[in-house]
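Structure first, then comments.
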Amino acid sequence: MNLKNKYVIAFSLAVLLWSCKKEEALIPSEGLKIENMFSPPADADPAVKELYQSYNVWMRMDFKDWKEVTNAILDNDPFNRFGVEKIADQERSAAILYTKALMSGVAPKYAKSFFPLELFFVKSYGRGYFAENIKRIGRSRLVICWPNKMTDALPVLNPDRHYYQDSVLSNAIWAQLSSMITLRIPAPVKAFADAGKAYDNGAAVDKIRKEYDKDRDVEKRDAAYELLAMTGGFIEASGSSSFENDFSSWLRLLALESKENIKRKYLDNSPARAKKYEAFVAYLQSEGWDIQAMGNTYREKLDAYK
């Protein structure tokens with residue numbers, strides 16, 4: 001190949017790379033009139049826009065077709081058995097206040113990387129036997145009925161404080177969020193995983209369950225589960241099966257509980273859990289999120305409302 005041809009090829013590659021330069025923000029091309037699907041519309045409530053700008057989480061309340069609710073980017077729920085109803089107009093402001101409280105202790109940097117894309121508030125998700133109160137759709141959308149009708153859930157009397165008053169609802173939401181967040185982490189956090197026993201894909205739990213099937217001794221089974229958790233560094237025995245179960249249980253706990261209570265219930269009786277706690281907190285602090293401060297605040301306010 002002569003020198004002239006080499007220059008032609010090099011110039012052509014340079015033009016190609018320049019033309020494929022990554023946009024700083026993914027936006028619809030002008031002229032195609034494609035709706036921007038993954039952010040609040042121009043006429044959205046300013047508080048909803050602020051939540052999106054701060055955390056890259058879209059707090060949604062509007063839809064034209066039920067599939068907009070039940071179908072998400074990474075998964076879908078094809079069974080709209082009895083319909084999805086839009087949130088009542090008089091409940092919208094309360095739902096926004098709840099979401100602001102929910103996100104207030106989360107580090108924006110971490111939320112932008114690992115939180116689901118959408119928190120979708122609706123009036124109802126199905127009716128009768130098939131009714132859903134909270135529905136996770138893949139890793140990208142959490143559907144929440146508002147007001148929530150879960151057993152033991154409290155009526156929304158003080159919207160700006162409801163997140164801290166209704167621990168039943170908050171625990172249910174964080175149970176889903178923690179799993180969704182963990183699924184978005186590209187690989188297990190090594191220091192955290194190495195701080196406890198190796199995951200066994202459920203072998204230890206299955207062994208305990210089989211022993212229970214033999215003699216139906218609930219106390220013996222539960223004691224075995226607790227021993228497995230204590231010696232392995234897990235919050236619950238199910239954490240022994242996988243990083244997803246383990247990490248998500250720690251995330252849910254620390255988001256909603258004080259260090260004092262965690263220490264008394266989980267750390268003082270288990271060196272393995274104490275070691276894993278330190279690794280977990282250190283990882284999130286390296287990501288800019290002081291999750292224990294968030295849990296301390298939640299417990300303090302919850303106790304004040306009791």
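Structural remarks
- Whichever residue in segment 51-86 is touching a helix residue (DSSP H, G or I) at 6+ places or on another chain (Cβ under 7 Å) and not in a loop (DSSP other than H, G, I, E, B) and, among such residues, is farthest from Leu142 (Cα to Cα): Ser54
- Looking only at segment 113-126, and only at residues there that are closer than 24 Å to Gly295 by Cα and out of contact with any helix residue (DSSP H, G or I) (no Cβ under 7 Å at 6 or more places or on another chain), the one that is least open to solvent (accessible area, probe 1.4 Å): Glu118
- Output for segment 182-196, where each listed residue is small (Gly, Ala, Ser) and either open to solvent by 60 Å² or more (accessible area, probe 1.4 Å) or not in a helix (DSSP H, G or I) (or both): Ala187, Ala191, Ala195, Gly196
- You will find that of Tyr110, Tyr164, Tyr98, Tyr129, the residue that is modelled with pLDDT under 95 and either surrounded by 16 or more Cβ atoms within 10 Å (Cβ to Cβ) or assigned to a helix (DSSP H, G or I) (or both) is Tyr129 and no other.
- Pair list, Cβ < 6 Å and 6+ apart or interchain, from segment 44-56 residues that are touching a residue at least 24 places away in the same chain (Cβ under 8 Å) and under 14 Å from Leu102 (Cβ atoms) to residues that are open to solvent by 20 Å² or more (accessible area, probe 1.4 Å) and assigned to a helix (DSSP H, G or I): Ser54/Pro108; Tyr55/Pro108
A quick yes/no check of all residues on (1) surrounded by fewer than 18 Cβ atoms within 10 Å (Cβ to Cβ); (2) more than 21 Å from Asn201 (Cα to Cα); (3) modelled with pLDDT of 95 or more:
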residue	(1), (2), (3)
Tyr225	no, no, yes
Met230	yes, no, yes
Phe234	no, no, yes
Ser241	no, no, yes
Leu254	no, yes, yes
Arg273	no, no, yes
Asp290	yes, yes, yes
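- Residue check: Leu169 meets all listed conditions (1) free of Cβ contacts under 8 Å to residues at least 24 places away in the same chain; (2) farther than 17 Å from Ala94 by Cβ but one, namely (2).
- Test: residue in segment 221-228 that is in a helix (DSSP H, G or I) and in contact (Cβ under 8 Å) with a residue 40 or more places away in the chain: no
- Out of Arg209, Arg264, one residue alone is assigned to a helix (DSSP H, G or I) and under 30 Å from Ala101 (Cα atoms). It is Arg264.
The values are calculated or read from the model by the stated rules, or taken from the named source; none is laboratory data. Everything numeric in this text was worked out from a predicted model, so none of it was measured. Note that each Cβ is placed from the backbone with ideal geometry, even for glycine, and that neighbours are counted across all protein chains shown. Accessible surface is based on the protein model in full, side chains and every heavy atom, while ligands, DNA and RNA are left aside. Shrake-Rupley method; radii C 1.70, N 1.55, O 1.52, S 1.80 Å.
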